[in-house]
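Participant: My questions will all concern the structure given below.
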Amino acid sequence: MTRFFDQVPRQLRLLSSIDAPHYPSRHPLGLLPDFRDDPLGVLERIAAKGDLVHFRVLWMNAFLVNSPEAIKRILVDNAD
């Protein structure tokens, strides 16, 4: 049986090829300072942008998947 974390790099490659709206950050550390101050509020604002939203924390690209259908598509339908 394949462990979930073995699939993560493949799933992230799938996400990075999707054209998702970007949640902007004016800080060089991305949204890290915002997460420190109000983590739930940041996630709520990101989620308001759509079902799949791209954002940056430090130097890393991150995606918020905000719909059950998209989560199923990423984790179940694309699993090998």
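Participant: Considering only protein heavy atoms and a 1.4 Å probe, what is the carbon-and-sulfur percentage of the accessible area of segment 38-78?
Facilitator: That fraction is 60 percent.
Participant: Let me ask another. Could you report the accessible area of I74 in Å², rounded to 10, computed with a 1.4 Å probe on the protein chains as they sit in the structure?
Facilitator: Surface open to solvent at I74 totals about 20 Å².
Participant: In addition: Between D37 and L58, 0.36 nm times their residue separation minus their Cα-Cα distance comes to what?
Facilitator: On the way: separation 21, 0.36 × 21 = 7.56 nm, distance 1.53 nm.
Full-extension gain reported as 6.0 nm.
Participant: In the neighborhood of D34, defined by Cβ-to-Cβ distances under 15 Å, what is the net charge if each Lys or Arg adds +1 and each Asp or Glu adds -1? Walk me through the numbers before you get to the answer.
Facilitator: Details: positive: R26, R36, R45, K49, R56; negative: D37, D38, E44.
Summing Lys and Arg as +1 and Asp and Glu as -1 gives +2.
The values are calculated or read from the model by the stated rules, or taken from the named source; none is laboratory data. Source: prediction; values computed, not measured. As a convention, Cβ positions derive from the backbone with ideal geometry for all residues, glycine included, and neighbour counts pool all protein chains shown. We work out accessible area using only protein heavy atoms, side chains counted, and drop any ligands, DNA or RNA first. Shrake-Rupley method; radii C 1.70, N 1.55, O 1.52, S 1.80 Å.
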